[in-house]
Amino acid sequence: MSEVLVLVDHVGGTVQKSTFELLTAAAQLGEPVAVFVGSDADAQTAAADLAKYGAAKVLVASDASLTEFLVAPQGELVASLVESRQPAAVLASASADNTEALARSAAKTGSGVMTNVSDLDGEGQGTQSVFAGAYTVKSKVIKGVPHILLKPNSIEAAEASGAGAVEAVDFTASDAAKTAKITAVEEKASSGRPSLTEAAAVVSGGRGTGGDFGPVEQFADAIGAAVGASRAAVDAGWYPHSSQVGQTGKVVSPQLYVAAGISGAIQHRAGMQTSKNIVAINKDDEAPIFELSDYGVVGDLFTVLPQATEAVNARK
Amino acid sequence: MRIVTFVKYVPDAAGDPEFLDDNTVDRESDGLLSEIDEYPVELALTLAEDADDAEVIALTVGPDDAVDAVRKALQMGADSGVHIVDDAIAGSDALATAKVLAAAVKKVEEEEGPVDLILTGFASTDGNTSVVPTQVAELLGLPAATVVSAAELDGQTLKTRRDGDTSSRTVEVQLPALVSVTDQTNDPRYPSFKGIMAAKKKPLEEYELSELGLDEGEVGAAGSYTEVVEIAAAPPRQAGEVVTDEGEGGNQLVEWLASKKLV
Ligand SMILES: Cc1cc2nc3c(=O)[nH]c(=O)nc-3n(C[C@H](O)[C@H](O)[C@H](O)COP(=O)(O)OP(=O)(O)OC[C@H]3O[C@@H](n4cnc5c(N)ncnc54)[C@H](O)[C@@H]3O)c2cc1C
Ligand SMILES: Nc1ncnc2c1ncn2[C@@H]1O[C@H](COP(=O)(O)O)[C@@H](O)[C@H]1O
């Protein structure tokens, strides 16, 4: 059976859920082989978890340039693995870095690349959403080795046992790839809440919060949700851009999406309209967000959310 | 300094895009400059204002109407425009489009002289692939700082900021380079009346494929690496139950959530 390469997302050896989803998707197309960029020690930690989700091998690349420079070295790494191993496909989660790594490898190896795929079948046909979510496209790669970027949370990860054999990859980036130097990294403080793209529930606040995200955060914490924001709230400086939901922010697809004080502009919809259940709280009964809500409350978020928070806590 | 800024013409998101029999977008339908491409145009103009001798060239690849995207950039203040138009290009996927854009930049260099900086949007508002800029950089062998929300030029070094979920990275590239920018970068200017009038007299070159040294087989459906099998309007969401808060709105909401096993 041919190999299917899976780029591992991890933080210091702790493998992210998105990678388990990829391994499950990869198993439909061939034998999942994980590609791990990081230290040997971290790779050992990760290998056990990767094996639990079906990784037959864990290929480890530790060249320092992979983290000192922006993406081009990673693109080179992927291209070299594509050329030497001729896999059936390469899968990665649809982050900005992964998208560019695969875009470069695709250009180097003459392969097609599919981005933001929300579903993948056994023939490698992927589903994507275009035009701000208004249209659904099914497409496939017809030249080279399919390079496929899957959105986190779109496929259910299933445990499957793999050998997880760790193997070092002999890779050194060329000088040509070492041109975009990362000169500083500023870590952001963690909110302690689930990550926006992986959370099962998201509660977002918009201009209607008037800058007070308290009720939004308290309701989110009561139901274990991530907190999101509209661009209006981000532009006003009320919430960080990394929490923006929409066309130029995150695209989320949780079980539950709650929009509080958000009107539902097309650019916002682009980031949330594939959520399984949508709830809106808005003072204006004509707000367009109600058109796509499964449940709506016409009211003031400053009274509706605290009451809902209390009701949730009372049920616990 | 010579800056080329990529401007994509996209169907109007507020209207209904139309599709052709081969499942590709009818690029002749009503459109406009992809909103995200206003940010690189604005950055190009500010960098040019700060340089002694700078020129901003807006470049698009697209059908006849795509010239509107270039025109908008000229109205904002770009000095000249380039429009690559050829029937064979229709239906090109990301990599095929990147090849045309890369060849177009080489054509500009042949005609005008070396290009120091290519600026692009970080994603287009229609296809939203975000791969074209990286692939153009790859094909031209240029350093690329992508998805940046700030960029500052210091001599030949461009210092940029790339914001991520858990960290913010400073990325430095030496010119010549390609930089793709987000809508966090600046506030694009509106064309002034003077700008609109002046745009009419600005040079606008049109080239077809053969003038770029590209072959028809390298573009369009024949030259693409992916194929669209099917395209359909997303099933419209049904508006559900809406209640008006009369003191019990929060409780009603939680009852509904509980009935759906969401709490
Ligand atoms: C290139 C481009 C990209 C963009 N990308 C994005 C994106 O990624 N994400 C995004 O969100 N937007 C994006 N936008 C902006 C988008 O067009 C809207 O401007 C934005 O989504 C509006 O945010 P909002 O709904 O919070 O604000 P508004 O549209 O002002 O709506 C606020 C809502 O709050 C309600 N409200 C007020 N007070 C209360 C209260 N006390 N209780 C309950 N309800 C209340 C009001 O009735 C109103 O409906 C983009 C725009 C452009 C041009
Ligand atoms: N046909 C095109 N003409 C000009 N610029 C383009 C074209 N296609 C893509 N681009 C540029 O590449 C960016 C990203 O596009 P995409 O990869 O399609 O999301 C856009 O914001 C444009 O700046």
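Here are some residues: B:L33, B:L20. Which one is hydrophobic (A, V, I, L, M, F, W, C), away from ligand 1 (no atom under 16 Å from the Cβ) and modelled with pLDDT under 95?
Residue meeting the stated conditions: B:L20.
Which fully enclosed helices (runs of 4 or more DSSP H) of region A:216-316 have 3 or more residues being touching a strand residue (DSSP E or B) at 6+ places or on another chain (Cβ under 9 Å) and either within 24 Å of A:S190 (Cα to Cα) or within 7 Å of ligand 1 (Cβ to nearest atom) (or both)?
Counting at least 3 such residues, we get A:231-235.
Output the residues belonging to region A:285-305 that are more than 7 Å from chain B (Cβ to nearest Cβ) and in contact (Cβ under 8 Å) with a residue 40 or more places away in the chain.
Hits for region A:285-305 are A:L301, A:F302.
So in region A:123-145, with the set limited to residues that are among the aliphatic types (A, V, I, L, M) and closer than 22 Å to A:V82 by Cβ, which one is farthest from the other protein chains (Cβ to nearest Cβ)?
A:V145
With the checklist (1) surrounded by 18 or more Cβ atoms within 10 Å (Cβ to Cβ); (2) on the phi < 0 side of the Ramachandran plot; (3) in contact with a Ser or Thr (Cβ under 7 Å, 6 or more places away or on another chain) in hand, flag the one item A:G133 doesn't pass.
Failing condition for A:G133: (2).
I need the full set of residues from region B:43-69 which are over 22 Å from B:Q184 (Cβ atoms) and open to solvent by 10 Å² or more (accessible area, probe 1.4 Å), in order please.
Hits for region B:43-69 are B:A51, B:D52, B:D53, B:A54, B:E55, B:V61, B:G62, B:P63, B:D64, B:D65, B:V67, B:D68.
In region B:134-159, how many residues are under 21 Å from A:V251 (Cα atoms) and either more than 10 Å from ligand 2 (Cβ to nearest atom) or open to solvent by 10 Å² or more (accessible area, probe 1.4 Å) (or both)?
The qualifying residues number 3.
Any chance you could count how many residues in region B:73-86 are among the charged types (D, E, K, R) and farther than 12 Å from B:K202 by Cβ?
Residues in region B:73-86 being among the charged types (D, E, K, R) and farther than 12 Å from B:K202 by Cβ: 1 in total.
In region A:261-301, how many residues are open to solvent by 50 Å² or more (accessible area, probe 1.4 Å) and either within 16 Å of ligand 2 (Cβ to nearest atom) or among the aromatic types (F, W, Y) (or both)?
So the answer is 1.
Out of the residues in region A:163-204 that are modelled with pLDDT of 95 or more and under 30 Å from A:I278 (Cα atoms), state the one that is farthest from the other protein chains (Cβ to nearest Cβ).
Selected residue: A:S204.
Going residue by residue through region A:238-260, is there one that turns out to be in contact with a Lys or Arg (Cβ under 6 Å, 6 or more places away or on another chain) and surrounded by fewer than 18 Cβ atoms within 10 Å (Cβ to Cβ)?
Yes, region A:238-260 has at least one match.
Regarding A:G246, is this residue within 16 Å of ligand 2 (Cβ to nearest atom) and either of a type in the set (V, I, T) or within 12 Å of chain B (Cβ to nearest Cβ) (or both)?
So A:G246 passes the test.
Do you know which of the residues in region A:143-152 that are buried (at least 21 other Cβ atoms within 10 Å of the Cβ) and assigned to a loop (DSSP other than H, G, I, E, B) is modelled with the lowest pLDDT?
Among residues in region A:143-152 that are buried (at least 21 other Cβ atoms within 10 Å of the Cβ) and assigned to a loop (DSSP other than H, G, I, E, B), the one modelled with the lowest pLDDT is A:P152.
Return a yes/no flag: does region B:144-153 have any residue that is more than 7 Å from chain A (Cβ to nearest Cβ) and under 13 Å from the mean Cα position of the chain (by Cα).
So far as region B:144-153 goes, no, none of its residues is more than 7 Å from chain A (Cβ to nearest Cβ) and under 13 Å from the mean Cα position of the chain (by Cα).
Can you work out which of the residues in region B:112-121 that are open to solvent by less than 30 Å² (accessible area, probe 1.4 Å) and not β-branched (V, I, T) is nearest to ligand 2 (Cβ to nearest atom)?
Only one residue tops the list, namely B:G121.
Hey, can you tell me all the residues within region B:36-70 that are of a type outside the set (A, V, I, L, M, F, W, C), in contact (Cβ under 8 Å) with a residue 40 or more places away in the chain and away from ligand 1 (no atom under 16 Å from the Cβ)?
Of everything in region B:36-70, those that are of a type outside the set (A, V, I, L, M, F, W, C), in contact (Cβ under 8 Å) with a residue 40 or more places away in the chain and away from ligand 1 (no atom under 16 Å from the Cβ) turn out to be B:T46, B:D50, B:D53, B:E55, B:T60, B:G62, B:P63, B:D65, B:D68.
Would you confirm whether or not region B:71-89 contains a residue that is away from ligand 1 (no atom under 16 Å from the Cβ), buried (at least 24 other Cβ atoms within 10 Å of the Cβ) and part of a loop (DSSP other than H, G, I, E, B)?
Yes.
Filter region A:157-191 down to the residues that are crowded, with 16+ Cβ neighbours inside 10 Å, more than 25 Å from the chain's Cα centre (by Cα) and of a type in the set (A, V, I, L, M, F, W, C) and list them by number.
The answer is A:V166, A:V169, A:F171, A:A173, A:A177.
Filter region A:306-316 down to the residues that are crowded, with 17+ Cβ neighbours inside 10 Å and farther than 13 Å from B:W256 by Cα, then identify the one that is nearest to the other protein chains (Cβ to nearest Cβ).
A:Q307
Which of the following residues is modelled with pLDDT of 95 or more and farther than 25 Å from A:E310 by Cβ: A:A232, A:A270, A:A222?
A:A232
Conditions: (1) in contact with a Leu (Cβ under 9 Å, 6 or more places away or on another chain); (2) at the interface with chain A (Cβ under 10 Å from one of its Cβ atoms); (3) within 27 Å of A:V117 (Cβ to Cβ). B:V181 meets all but one. Number of the miss?
Here B:V181 clears every test but (2).
Within region A:102-122, count every residue that is open to solvent by less than 20 Å² (accessible area, probe 1.4 Å), over 19 Å from the mean Cα position of the chain (by Cα) and either farther than 24 Å from A:P73 by Cα or more than 7 Å from chain B (Cβ to nearest Cβ) (or both).
The number of residues fulfilling the criteria is 1.
Restricting to region A:121-142, name every residue that is aliphatic (A, V, I, L, M) and modelled with pLDDT under 95.
A:V130, A:A132, A:A134, A:V137
Considering only region B:209-228, how many residues are loosely packed, with under 14 Cβ neighbours inside 10 Å and within 30 Å of A:Y135 (Cβ to Cβ)?
2
When region A:154-205 is examined, which residues are found to be in a strand (DSSP E or B) and closer than 23 Å to A:V58 by Cα?
Listed by number, the residues that qualify are A:A160, A:A165, A:V166, A:E167, A:A168.
The values are calculated or read from the model by the stated rules, or taken from the named source; none is laboratory data. From a predicted model like this one, the values you see are computed outputs, not experimental measurements. Note that each Cβ is placed from the backbone with ideal geometry, even for glycine, and that neighbours are counted across all protein chains shown. We work out accessible area using only protein heavy atoms, side chains counted, and drop any ligands, DNA or RNA first. Shrake-Rupley method; radii C 1.70, N 1.55, O 1.52, S 1.80 Å.
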